[in-house]
Amino acid sequence: MSGLAYCDKRGRIFFDESSAPLADGGIVRTPDAAELIPAPDGCVPMLLPGRRPLTQRGPAQRRFGLAVALPAGYTRLLLPAYVKEEGAPALPLFGYTFACVVDDRLHVAAMRTDESEDWTPRYFAEGELDRIVDRRLGLDPSNRVLAQVALCAREYGCFTAQNVFLERGEAALPVSPKCNARCVGCISELDASVDLPAPQTRLTFDGTAEESARIAIQHFERVPGAIASFGQGCEGEPLLRSIAIAKAIELVRTSGAPGTINLNTNGSMPGALRRCIDAGLHAVRISLNSFRTATYAAYYRPQNYTLDDVLESVREASAAGLRVSLNLLTHPGVTDDAEEVAAMAKFLRNTRVDMVQTRTLNIDPEWYFATVGRPQEPIGMRAAIEAIRSFGVRVGNFTHTH
């Protein structure tokens, strides 16, 4: 039996095991015991200002809602349920996971979906990361792309950016300052009308192919089984710079440095993707929030492309023999709607996809539901994930080389 975990106005966390909390899975309901796990290391509790947590007895008075941001490697199953007070501020762009108390311990509605040492929480002694970054910058001081990656490593704690300097795993290669989508919850460039700060500052210049190639080559030479990835959170859509990417890939391949060249993209331009494939791209991860046209368009607000183009890019990469992953932006009550699962099944049964990487969609849940609508028949996130696996597709969270 779960109890209420909540905050006071100062953000302090309290437990009330005599109150039974409700959760939001597209419909407000009692969480199932199978949906709850002890809060893993790396969880970040968050106060929900102006929001009263919902219990079986109604809104909890003089208490504020509590949510948790999950560490990498976990997939959210439920949202917090609450009543929003008049004048409550919009929630920043984080992933809000239902939390409660079980046997005097904080639990969350989540499941473990992947593991990787490269994505475990990192802790640095004072000044340690700065020294590592400065040492690497000194080897290539004119490289503007490397300087951007350093900013992301220091200011945003980006793991793929830090990997460049720590010489491990998947390395970031941001390349495009522009985008052809206007995502409702864009993490690097929000509409001016949205009264929220973007979590990251977008790349402001067109880096050269040579700058990207130098980063990738050194990473490959120093890191066994390394990955270098175009398309990062601090940029727009990399396919808009497919000519520069193709040239960089050719430079890396010509160097003979061993490693996997990956592209993270919205998949909006199949022809531009083909250019990168012909240059020697090894793997691609294509992002989408839905396999339904209206739901996709409501969130991405695509400019001069459609979901059909995205799905054609998946087919193109699959037919060319690339390692293909889908970066599925998950949200309880949308991802697990029966209609959504049916649309996903129709595509995955007919197209080879190596992995579906579940990604928590970082957005105010009310804002997202207002954008794409609430479900008709949510089957539960765990059931939706099991459906993906039933099609012979691996479910995970990280880019892998095998």
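The values are calculated or read from the model by the stated rules, or taken from the named source; none is laboratory data. Everything numeric here is computed off the predicted structure, so don't read it as measured data. Positions of Cβ are generated from backbone atoms using ideal geometry, with glycine treated the same way; all protein chains shown enter the neighbour counts.
Can you confirm whether ALA384 is in contact (Cβ under 8 Å) with a residue 12 or more places away in the chain, of a type in the set (Gly, Ala, Ser), part of a helix (DSSP H, G or I) and outside the structural domain of THR75 (by TED's automatic domain parsing)? So ALA384 passes the test.
Can you confirm whether ALA213 is in contact with a Pro (Cβ under 8 Å, 6 or more places away or on another chain), at pLDDT 95 or above, assigned by TED's automatic domain parsing to the domain that holds GLY138 and at negative phi? Give the derivation first.
On the way: in contact with a Pro (Cβ under 8 Å, 6 or more places away or on another chain): no; at pLDDT 95 or above: yes; assigned by TED's automatic domain parsing to the domain that holds GLY138: yes; at negative phi: yes.
Spelling it out, it is not the case that ALA213 is in contact with a Pro (Cβ under 8 Å, 6 or more places away or on another chain), at pLDDT 95 or above, assigned by TED's automatic domain parsing to the domain that holds GLY138 and at negative phi.
Entry remark, region 44-90: residues being closer than 28 Å to ALA383 by Cα and not in a strand (DSSP E or B) number 8 in total.
In region 294-307, the residue that is surrounded by the most Cβ atoms within 10 Å (Cβ to Cβ) out of those that are hydroxyl-bearing (Ser, Thr, Tyr) and closer than 22 Å to GLN357 by Cβ is TYR300. Report yes if LEU22 is of a type in the set (A, V, I, L, M), modelled with pLDDT of 95 or more and farther than 20 Å from MET111 by Cα, otherwise no. Against the criterion (of a type in the set (A, V, I, L, M), modelled with pLDDT of 95 or more and farther than 20 Å from MET111 by Cα), LEU22 does not qualify.
So is ALA90 out of contact with any strand residue (DSSP E or B) (no Cβ under 8 Å at 6 or more places or on another chain), surrounded by fewer than 17 Cβ atoms within 10 Å (Cβ to Cβ), closer than 19 Å to ASN362 by Cα and in contact (Cβ under 8 Å) with a residue 24 or more places away in the chain or not? Spell out the reasoning first.
On the way: out of contact with any strand residue (DSSP E or B) (no Cβ under 8 Å at 6 or more places or on another chain): yes; surrounded by fewer than 17 Cβ atoms within 10 Å (Cβ to Cβ): yes; closer than 19 Å to ASN362 by Cα: yes; in contact (Cβ under 8 Å) with a residue 24 or more places away in the chain: yes.
Judged against the criteria, ALA90 is a match.
Just a yes or no: is a residue in region 5-28 basic (Lys, Arg), out of contact with any Cys (no Cβ under 8 Å at 6 or more places or on another chain) and in contact (Cβ under 8 Å) with a residue 60 or more places away in the chain? No - not one qualifying residue is present in region 5-28.
Name the single residue that is farthest from the chain's Cα centre (by Cα) among those in region 194-217 being surrounded by 15 or more Cβ atoms within 10 Å (Cβ to Cβ) and among the hydroxyl-bearing types (Ser, Thr, Tyr). In this case the residue turns out to be THR208.
Every residue, every condition in (1) in a loop (DSSP other than H, G, I, E, B); (2) farther than 25 Å from ASN397 by Cα; (3) not aromatic (Phe, Trp, Tyr), yes or no:
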residue: ALA125; (1), (2), (3): yes, yes, yes
residue: LEU139; (1), (2), (3): yes, yes, yes
residue: VAL145; (1), (2), (3): no, yes, yes
residue: GLN148; (1), (2), (3): no, no, yes
residue: PHE165; (1), (2), (3): no, no, no
residue: ARG168; (1), (2), (3): yes, no, yes
residue: ALA172; (1), (2), (3): no, no, yes
residue: LEU196; (1), (2), (3): yes, yes, yes
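Put simply, of ALA72, ALA147, ALA99 the only residue that is at pLDDT 95 or above and either out of contact with any Pro (no Cβ under 9 Å at 6 or more places or on another chain) or not assigned by TED's automatic domain parsing to the domain that holds ARG222 (or both) is ALA99.
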